[in-house]
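Trainee: Starting off with a structure, shown below.
The values are calculated or read from the model by the stated rules, or taken from the named source; none is laboratory data. All values reported here derive from a predicted model rather than from experimental measurement. Every residue, glycine among them, receives a Cβ derived from its backbone with ideal geometry; neighbour counts consider all protein chains shown. The accessibility values were calculated without ligands, DNA or RNA, using every heavy atom of the protein model including side chains. Shrake-Rupley method; radii C 1.70, N 1.55, O 1.52, S 1.80 Å.
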Amino acid sequence: MLEPTIPALKEWASAIKALETGRQIMVMRKGGIVEETRHFELKSPAFYLYPTYEHQRKELIKSSDQSYVEESLAEWVPEASTIRITAYAEVTQDLEIRDQEMLDRLLDFHMWTADFAEDRLKWKRKDPLHVLILRVYLLKEPMEIPVLPEYNGCRSWISIPNGLVPREMTPVVDVADFDKQVQKINEMLKL
């Protein structure tokens, strides 16, 4: 019998740190190179955030936010047999961004440079850039999970064993502040 699993979204460790501090409440997704469907799909409205390190680079991050990259890389052990998961997220909105003007309006709400965000929009031009608005929670006790071969590669989603799931979490941003940020984002996008 197979062990039950739960979804985790692979994301740059530096972006997870920005989410955990409340610096931002969004991630941008287009889909990994080895996605089954060749484009991003929101497979679950709630998931754990699985940190990745390989593709994050300081020059892709605004200078004011580059400390997130430095901090995450200082923790990284490439040969590690386990990885630490510290956050859980719930999607409150999946915004499909299709043009540069809409993307430019979001620049102040995330850590990535304008050039990097534009490159993400232009990659797989026919597909929208998904901006996921996330309500993020810190795990009271972080999870150490084994790094399995099936977690490797450029894919958005992985499944982690359900038996490892902690039960206690704390929201990073209180409800009122979160609602204000969401309202500002929606106003900028005229939603």
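Trainee: I need the full set of residues from segment 140-167 which are open to solvent by 20 Å² or more (accessible area, probe 1.4 Å) and aromatic (Phe, Trp, Tyr), in order please.
Mentor: Of everything in segment 140-167, just one residue is open to solvent by 20 Å² or more (accessible area, probe 1.4 Å) and aromatic (Phe, Trp, Tyr), namely 157.
Trainee: Against the definition (at pLDDT 95 or above, touching a strand residue (DSSP E or B) at 6+ places or on another chain (Cβ under 8 Å) and of a type in the set (A, V, I, L, M, F, W, C)), how does residue 91 come out, yes or no?
Mentor: For residue 91, the condition - at pLDDT 95 or above, touching a strand residue (DSSP E or B) at 6+ places or on another chain (Cβ under 8 Å) and of a type in the set (A, V, I, L, M, F, W, C) - is met.
Trainee: Looking at segment 100-132 only, could you name the residues that are of a type outside the set (Lys, Arg), without any contact (Cβ under 8 Å) to a residue 12 or more places away in the chain and closer than 13 Å to residue 30 by Cα?
Mentor: 119
Trainee: Moving to a separate point now. List the pairs whose first member sits in segment 141-157 and is within 19 Å of residue 75 (Cα to Cα), whose second member is in a strand (DSSP E or B) and open to solvent by 70 Å² or more (accessible area, probe 1.4 Å), and whose Cβ atoms are under 8 Å apart, counting only residues at least 6 apart or on separate chains?
Mentor: If the second residue must be in a strand (DSSP E or B) and open to solvent by 70 Å² or more (accessible area, probe 1.4 Å), the pairs left are 142/84; 143/84; 144/84.
Trainee: For residue 137, all conditions in the list (1) assigned to a strand (DSSP E or B); (2) modelled with pLDDT of 95 or more; (3) open to solvent by 60 Å² or more (accessible area, probe 1.4 Å) hold save one; what is the number of the exception?
Mentor: In the conditions (1) assigned to a strand (DSSP E or B); (2) modelled with pLDDT of 95 or more; (3) open to solvent by 60 Å² or more (accessible area, probe 1.4 Å), residue 137 misses (3) alone.
Trainee: Continuing with the same structure: Take segment 96-127 and flag every residue that is modelled with pLDDT under 90 and either buried (at least 19 other Cβ atoms within 10 Å of the Cβ) or touching a Leu at 6+ places or on another chain (Cβ under 7 Å) (or both).
Mentor: 120, 121
Trainee: Looking at residue 37, is it at pLDDT below 95 and among the hydroxyl-bearing types (Ser, Thr, Tyr)?
Mentor: yes
Trainee: Let me ask something else about it. Given the structure, is residue 144 over 15 Å from residue 16 (Cβ atoms), touching a strand residue (DSSP E or B) at 6+ places or on another chain (Cβ under 6 Å) and of a type outside the set (A, V, I, L, M)?
Mentor: yes
Trainee: Considering each residue of segment 66-90, count those that are in contact with a Phe, Trp or Tyr (Cβ under 8 Å, 6 or more places away or on another chain), surrounded by fewer than 16 Cβ atoms within 10 Å (Cβ to Cβ) and among the aliphatic types (A, V, I, L, M), and give that number.
Mentor: 1
Trainee: Identify the residue in segment 168-191 that is in contact with a Phe, Trp or Tyr (Cβ under 7 Å, 6 or more places away or on another chain) and closer than 18 Å to residue 88 by Cα and, among all such residues, is surrounded by the most Cβ atoms within 10 Å (Cβ to Cβ).
Mentor: Per the stated criteria, the residue is 172.
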